[in-house]
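For reference, the structure discussed in these notes is given below.
The values are calculated or read from the model by the stated rules, or taken from the named source; none is laboratory data. All of these numbers come straight from a predicted model, not from anything done at the bench. Positions of Cβ are generated from backbone atoms using ideal geometry, with glycine treated the same way; all protein chains shown enter the neighbour counts.
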Amino acid sequence: MIECIFTIDYEIYGNGQGSLKELVYEPTQKLMGIFNKAKAKIVIFVEVAELEKIEASGTDSAINDVKYQVQELYKQGHEIDLHLHPQWYNARWKNGSWELDYSEYNLCTLPEDRIVQIIDRAISYFRAVLGLTDFTPLSFRAGNWLFQPTRTAANVLAEQGIKVDSSVFKGGLQHQHNLDYRRSLQNGNYWRFSNDVNVPDPHGSLLELPIYTQMVPFWKMLTTKRVNIQRKTAPAASTEKNHNGGRRLQRVMDFMRFQYPLKLDFCRMTIDELTRMVETVIKVDQQDPTSFRPIVAIGHTKDLVDFETVESFLSYLDRKGIAVSTFEDVYGRCVSIE
């Protein structure tokens with residue numbers, strides 16, 4: 001049985017560039033209308049660190065609209081979850097732009113007490129925005145999908161009451177940040193883990209529901225739509241890499257392999273790409289209809305410009321009898337099936 005979980009990272013560019021109104025608020029308003037019309041729910045991964053810093057500095061007048069929008073999303077029954085780029089917490093607003101602390105780029109490489117401090121702070125701000133003193137997000141997604149080394153961060157998240165991670169994309173590889181999710185290609189549709197997010201552990205405290213990928217030749221990534229979005233984000237991305245001491249050679253090495261993981265990205269893919277990918281899952285499901293197959297789609301508010309494709313994809317899933325769910329919907333079934 002297949003169910004599709006739409007997730008979207010609710011954020012401006014990773015280096016602090018861009019306006020909340022254009023990159024977060026306005027695209028999400030349109031997306032809310034589409035999902036509400038379809039009577040479907042979406043998972044919103046709210047990047048709370050950037051929102052807290054922007055609010056404290058008063059650098060973007062749309063912050064109150066964004067906070068209200070998060071409240072409305074929650075009231076309407078959409079799932080609100082935690083997304084973090086920890087480089088924001090020591091950020092400074094200087095000469096009209098943000099200077100982020102890239103020494104804290106990967107949450108998992110920080111000392112345990114710093115990880116605890118960051119997660120505590122993020123959840124506290126979440127509770128303040130929602131006006132709910134007992135709110136705890138069910139799920140987490142790491143900034144730039146960096147959830148290695150896993151053990152310490154996973155323990156802190158579990159202690160805070162978080163139960164699900166959705167940072168992994170099977171086959172992922174980033175030499176610069178020592179991210180390697182290739183081993184997870186051997187895993188099932190979801191799994192519990194503890195010390196290493198790649199390695200299933202039936203006694204692990206967190207459940208991994210990975211972003212759905214298929215391994216494809218690299219040239220299949222070079223569609224017109226994807227390239228155009230990449231060009232739009234290139235100035236911000238290059239600035240971020242420069243601050244991180246990024247090496248162009250390492251990025252080239254990420255792509256120098258016969259196959260590359262194509263994420264189920266409803267912002268960057270065409271409707272034909274999306275449906276072809278799901279048709280592959282349907283064929284597998286027909287051969288083994290007893291297995292539960294939650295497939296996680298990803299998007300970013302900053303990439304969200306093609307709303308017609310989102311509507312078409314939702315219609316396609318409805319015609320195929322594939323339910324649109326959330327992590328809250330599927331968590332109990334994943335745990336009980338295990």
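Name the residue, out of G188, G171, G161, that is assigned to a loop (DSSP other than H, G, I, E, B), over 19 Å from V48 (Cβ atoms) and touching a helix residue (DSSP H, G or I) at 6+ places or on another chain (Cβ under 9 Å).
The unique qualifying residue is G171.
Specify the residue that is surrounded by the fewest Cβ atoms within 10 Å (Cβ to Cβ); the eligible residues are those in segment 11-31 that are in contact with an Asp or Glu (Cβ under 6 Å, 6 or more places away or on another chain) and closer than 22 Å to I211 by Cα.
My answer is E11.
Tally the residues that are more than 18 Å from the chain's Cα centre (by Cα) and farther than 22 Å from E308 by Cα, restricting the search to segment 28-65.
14
I'd like to verify a number: residues in segment 321-338 that are part of a loop (DSSP other than H, G, I, E, B) and either surrounded by 19 or more Cβ atoms within 10 Å (Cβ to Cβ) or touching a residue at least 60 places away in the same chain (Cβ under 8 Å) (or both), how many? Let's see the steps before the verdict.
Initial filter on segment 321-338 (part of a loop (DSSP other than H, G, I, E, B)): 321-322, 326, 338.
Now narrow it down to the ones that are either surrounded by 19 or more Cβ atoms within 10 Å (Cβ to Cβ) or touching a residue at least 60 places away in the same chain (Cβ under 8 Å) (or both): 322, 326, 338.
Residues in segment 321-338 being part of a loop (DSSP other than H, G, I, E, B) and either surrounded by 19 or more Cβ atoms within 10 Å (Cβ to Cβ) or touching a residue at least 60 places away in the same chain (Cβ under 8 Å) (or both): 3 in total.
What tally of residues in segment 318-331 results from selecting those that are within 21 Å of the chain's Cα centre (by Cα) and not aromatic (F, W, Y)?
Of the residues in segment 318-331, 7 are within 21 Å of the chain's Cα centre (by Cα) and not aromatic (F, W, Y).
Taking only segment 69-94 into account, find how many residues are farther than 29 Å from H177 by Cα and either touching a Pro at 6+ places or on another chain (Cβ under 6 Å) or not small (G, A, S) (or both).
10
Please work out which residue is surrounded by the most Cβ atoms within 10 Å (Cβ to Cβ), limiting yourself to segment 32-60 and to residues that are in contact with a helix residue (DSSP H, G or I) (Cβ under 8 Å, 6 or more places away or on another chain) and part of a loop (DSSP other than H, G, I, E, B).
Per the criteria, the residue is I42.
Only residues in segment 63-90 that are surrounded by 19 or more Cβ atoms within 10 Å (Cβ to Cβ) count as the first member; pair them with residues that are basic (K, R) and in a loop (DSSP other than H, G, I, E, B), Cβ under 7 angstrom, at least 6 apart or cross-chain, and list the lot.
Going by the 7 Å Cβ cut-off, the qualifying pairs are H78/K41; E79/K41.
Could we say that L249 is at pLDDT below 95 and among the aliphatic types (A, V, I, L, M) here?
yes
I need the full set of residues from segment 281-320 which are assigned to a helix (DSSP H, G or I), surrounded by fewer than 19 Cβ atoms within 10 Å (Cβ to Cβ) and among the charged types (D, E, K, R), in order please.
K283, D285, E308, E311, D318, R319
Working only within segment 144-162, note down all residues that are within 12 Å of F193 (Cβ to Cβ) and touching a residue at least 60 places away in the same chain (Cβ under 8 Å). Write out each step before concluding.
Within segment 144-162, the subset within 12 Å of F193 (Cβ to Cβ) is 147-148, 150-151, 153-155, 157-158.
Listed by number, the list is empty, since nothing qualifies.
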